[in-house]
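A quick write-up on the structure given underneath.
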Amino acid sequence: MFMRDFGYLVDHQGHSVFCLEAIKGGLAHDSDLRHLTNYPNGYGLHLVTGEVVRKVQSRVVFTTADALADAPRLVRNLERQFTEVSYAAGLAVAVTEAGLLRDSDLAPLIALGSDCGYDLLTAVTNAVDALWPDAQRQSRNTDHGVVHCHTPFETEINGTNIYMLANERNCFYLDWPEVTDGFLEMHILLTKTLDAMSHYLVPFHTPASALGCWGQYAHGVSETYESVQDDIEGMSREEIAEFLLAQENPDELGWLGMELAESEGDEDVLERSAALLFEMADVERNFSYRLTYGEEISDAMRLLEMTELLSQAQELIRAGSEHSRLAEALCEALKACIDRAPNHVGVSGLIASCNPEDAEQFGFENSPDRFFDCIWVLADERHEVLHDSALEGFNADMDECGQPSAVLPLANSALVARVTQPILERTNQCLALLRLIQLSLEVA
């Protein structure tokens, strides 16, 4: 039966020679041939060969250095994929004309001849990725003094586009001090600077934009909060819970009210509802400071406001504030925003300019695949219940639209210079500044 089903595994001549040579060399013994006594056929030879192989394996050790002296070159060759030269050359010309590659970088690759497509595409990938290096794709947060890092963001070239891809959110948990009289000025400065960065660098979520009243992932809670806002002003969680419990018609309080009515007084539901309203009140009271916006407010007017914020941060540094490290980081962020304000075009506007007719397909504000929607700045775990609720909405949103991505063109040098390069550079700059702010708070 073995030979009928697995006879192809047995090479009578080759396996016999192998076993005999192993015995002659002292790597196996005559006793290892006992299987042939019981099975004087191909099956017995198969058993003997298996046993001899195991004995040889236990005596011989191969190291990569000894077995593959030129391992890196072999790995590169094995990884090589066939890439159409004309396709790769088109991308290489585009990034070279945009100033991301030099002719001297391409010359040795072109000298490889018709098999240089893979090398050209690799050079293009490296040149574009250099605008947004791995260090600024990383998520880094501390938990009880232990640093945890992973990389949720990546890029991929597909066709004549490069995709910025998010495998999950990149959350910047800031060790945000309590909002006391001594920290209030710095607190407002920090909150407004984050708002400026999300407007003039790349869009990302602040506590207000994600968790605040009518924030992107807090609509259900916002409906209830708006109806009771005046009634619960200044209340503690316990007082809000008592207020909700006292409502004769809780289902008139919107989404949370309906949950309370359906739960029939369940204590866990009541506590969660009170916590959601309490935390939203905190976001609205303490984390909703923004630059001045409105139809009549121009970038020039916001530029003046940011200049005043910069002067305020510099004065805090000169005064020797205990949060000078944070003030220095905010100065760097405000300077970056001020530099970009005079000729400001938002990320969605840049991407949509690739093809105005397909603006709804690309832009951050209109596209279901929102890469920048995956960057969140949070006040440590201050709004934990509200954050968990928002995360449910975020996950449901992303389940519908698939992997969040931003699609940037590589088709020609004009698009690379006008769209792709600025967005990658701004993303890199913004994430680096957020990391600087995060680290300055840890030091403080």
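What to note about this one:
- Flag for Ala313 being under 30 Å from Glu332 (Cα atoms) and either acidic (Asp, Glu) or touching a residue at least 24 places away in the same chain (Cβ under 8 Å) (or both): yes
- Criterion (in contact with a Ser or Thr (Cβ under 8 Å, 6 or more places away or on another chain), surrounded by fewer than 16 Cβ atoms within 10 Å (Cβ to Cβ) and under 30 Å from Gly159 (Cβ atoms)) met by exactly one of Glu97, Glu79, Glu84: Glu97
- Residue in the range 20-27 that is of a type outside the set (Asp, Glu), closer than 30 Å to Val419 by Cβ and in a helix (DSSP H, G or I) present: no
- Checking the stated criteria, Ser104 turns out not to satisfy the condition of being over 25 Å from Phe372 (Cβ atoms), in contact with a helix residue (DSSP H, G or I) (Cβ under 9 Å, 6 or more places away or on another chain), of a type in the set (Ser, Thr, Tyr) and free of Cβ contacts under 8 Å to residues at least 60 places away in the same chain.
- Flag if Ser288 is closer than 28 Å to Val345 by Cα, surrounded by 15 or more Cβ atoms within 10 Å (Cβ to Cβ) and without any contact (Cβ under 8 Å) to a residue 12 or more places away in the chain: no
- Filter pass, Glu381 being under 26 Å from Gly212 (Cβ atoms), at pLDDT below 95, open to solvent by 50 Å² or more (accessible area, probe 1.4 Å) and assigned to a helix (DSSP H, G or I): no
- Boolean, Phe172 is at pLDDT 95 or above, open to solvent by less than 70 Å² (accessible area, probe 1.4 Å) and either of a type in the set (A, V, I, L, M, F, W, C) or closer than 30 Å to Leu260 by Cα (or both): yes
- The helices (runs of 4 or more DSSP H) falling completely within the range 203-317 that include 3 or more residues that are of a type in the set (Gly, Ala, Ser) map to 207-211, 219-228, 255-263, 267-286.
- Some residue of the range 163-174 being within 26 Å of the chain's Cα centre (by Cα), under 30 Å from Ala92 (Cα atoms) and aromatic (Phe, Trp, Tyr): yes
- Filtered residue count, the range 70-102, keeping only those that are outside any helix (DSSP H, G or I) and on the phi < 0 side of the Ramachandran plot: 10
- Residue check, Glu328 surrounded by fewer than 19 Cβ atoms within 10 Å (Cβ to Cβ), of a type outside the set (Val, Ile, Thr) and in contact (Cβ under 8 Å) with a residue 40 or more places away in the chain: yes
- Summed over the range 310-334, residues that are under 25 Å from the mean Cα position of the chain (by Cα) and over 10 Å from Leu201 (Cα atoms) total 5.
- Per-region count, the range 25-55, residues within 16 Å of Asp11 (Cβ to Cβ), touching a residue at least 24 places away in the same chain (Cβ under 8 Å) and not small (Gly, Ala, Ser): 7
- In the range 401-431, residue nearest to Trp176 (Cα to Cα) [restricted to those that are of a type in the set (A, V, I, L, M) and in contact with an Asp or Glu (Cβ under 9 Å, 6 or more places away or on another chain)]: Leu424
- Annotation: of all residues in the range 105-128 being part of a helix (DSSP H, G or I) and exposed (fewer than 14 other Cβ atoms within 10 Å of the Cβ), the one that is nearest to the chain's Cα centre (by Cα) is Asn126.
- When Tyr217, Tyr163 are checked against the criterion of being over 30 Å from Gly254 (Cβ atoms), open to solvent by 10 Å² or more (accessible area, probe 1.4 Å) and modelled with pLDDT under 95, Tyr163 stands alone in meeting it.
- Considering Val221, Val202, the condition of being of a type in the set (A, V, I, L, M), under 30 Å from Val128 (Cβ atoms) and under 35 Å from the mean Cα position of the chain (by Cα) is satisfied by Val202 alone.
- Among the residues making up the range 4-24, those that are surrounded by fewer than 17 Cβ atoms within 10 Å (Cβ to Cβ), of a type in the set (Gly, Ala, Ser) and in contact (Cβ under 8 Å) with a residue 12 or more places away in the chain are Gly7, Ser16.
- Residue within the range 189-198 that is of a type outside the set (Lys, Arg) and open to solvent by 30 Å² or more (accessible area, probe 1.4 Å) present: no
- Any hit, the range 288-303, residues being under 21 Å from Asp195 (Cα atoms) and touching a strand residue (DSSP E or B) at 6+ places or on another chain (Cβ under 9 Å): no
- Residue in the range 175-195 that is touching a residue at least 40 places away in the same chain (Cβ under 8 Å), within 22 Å of Pro404 (Cβ to Cβ) and under 14 Å from the mean Cα position of the chain (by Cα) present: no
The values are calculated or read from the model by the stated rules, or taken from the named source; none is laboratory data. Fair warning: this is a prediction, and the values are worked out from it, not measured in the lab. Glycine gets a Cβ as well: all are built from the backbone with ideal geometry, and neighbour counts include every protein chain shown. For accessibility, only protein heavy atoms count, side chains too; no ligands or nucleic acids. Shrake-Rupley method; radii C 1.70, N 1.55, O 1.52, S 1.80 Å.
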